[in-house]
Amino acid sequence: MIWIDGQLRGCDATVSVFDRGLLYGDGLFETMPIYAGRPFLLDDHLARLMRGTQALRIANAPSLEDWRAAVSTLLDAERPDCATLRLWITRGVNTGSGLACSAATRPTWIAACLPARRYDARVYGEGMVLALSAREHAMPSQLPTASKHANYLASILAFDDAQAAGADEALLCNPHGRVCEGAFSNLFAVLDGVLVTPPLDEGPLAGTARARLLALAAASGIAHAEAPIPLSRLVDASELMLSNALIGIAPVRQVLPRDPADPDPAPNLRSPGPVARHLASEYAALVARETGATWPLLA
């Protein structure tokens, strides 16, 4: 079943070819795991979706209560155990021409349960391989980078480049030469004993798992900071790890350089290191407390 524009439909539900999500990528989305029938961190995702709706100035957008009702109705119909919940909204169908936001005043909004995303055990036990991307990540002055907007082409191409290089994920820097994030993940580094992640004004997504890991670090007494990370400092990192809502937290074992002739920008990583192991344990406990399920979902 698909919830679309206020009602449940079958999986053959459609949107107009003139929808601005299709025409221009003019929209937002959220993706989160469902564990034991409960969407994990739903409140966090809905809060980010509402902030994104305001940032994109989408007129007549559904309210927080509308989204909650949509999710509840969908879950009652589907009754999933472990699945992926995807929410998305576009500005709607263009009734005029051109880019003017005023040409669309009835948003298209959708909720669907998709298959659960499961990861190979090596992702958590051995760590992921990153490929340093030649592509630059946008800054907040160019795009609302803190929101999960539908203009995802830069990440798609960076991820495709990474896969071609044999990596699991890309690593992008912003125009200032500082590490920003992955194509689908936030980045954490342990530098001089401090867990560091780039601040939002450097361009990364305001990740829901990112925020929870910072909170878990604080509760555990782990020194942590949101601070810029020059690319040159990756060589000093004792640990790197990635986070997003579906993968949770995963260690990094290697970073491939842009040019194979260059040295590895992070050659001495422990994977998983002590900080990653501790945070993974705390994250698993968080999932268990909120849903009663066991994290991670393994293939």
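The values are calculated or read from the model by the stated rules, or taken from the named source; none is laboratory data. Note that the structure is predicted; figures quoted are calculated from it, not measured. Reconstructed Cβ throughout: ideal geometry from the backbone, glycine too, with neighbour counts over all protein chains shown. In case anyone asks, the SASA skips ligands and DNA or RNA and just uses the protein heavy atoms, side chains included. Shrake-Rupley method; radii C 1.70, N 1.55, O 1.52, S 1.80 Å.
Sequentially through the range 103-120, phi angles give Karplus couplings (6.51, -1.76, 1.60; θ = phi - 60°) of 6, 9, 10, 10, x, 9, 9, 9, 9, 8, 9, 10, x, 5, 8, 10, 10, 5 Hz, Gly and Pro residues having no value and appearing as x. Charged side chains reduced to their Cβ positions (Lys and Arg at +1, Asp and Glu at -1) give the chain a dipole of some 440 debye around its Cα centre. Packing-based ranking of 136-147, 284-295 yields 136-147, 284-295, ordered from highest to lowest mean Cβ neighbour count within 10 Å. As a ratio to 2.2 N^0.38 Å, the alpha-carbon radius of gyration for the chain is 1.02. Residue separation of Glu136 and Ala218 scaled by 0.36 nm, minus their Cα-Cα distance, works out to 26.4 nm of gained length. Candidates Thr294, Leu213, Ser232 compared by Cα position along the dipole of the chain: farthest toward the positive end lies Thr294, with charges placed on Cβ. If R0 equals 22 Å, the separation of the Cβ atoms of Ala116 and Arg79 corresponds to a calculated FRET efficiency of about 0.95.
The range 140-211 and the range 216-285 have Cα centres lying 13 Å from one another. Using the average count of surrounding beta-carbon atoms within 10 Å as a protection proxy, the listed peptides 224-236, 84-96 rank, highest first, as 84-96, 224-236. For the chain, find the longest principal axis of its Cα atoms and tell me its angle to the long axis of helix 153-164, 0 to 90°, nearest 10. Roughly 50 degrees between the two axes. Residues whose amide H lies under 5 Å from that of Asn151, counting only those 5 or more places away or on a different chain, are Gly27; hydrogens are built 1.01 Å from N in the peptide plane.
Tell me the carbon and sulfur percent of the accessible area for the range 101-141, rounded to whole percent, probe radius 1.4 Å. Answer for the range 101-141 is 49 percent, counting heavy atoms of protein chains only.
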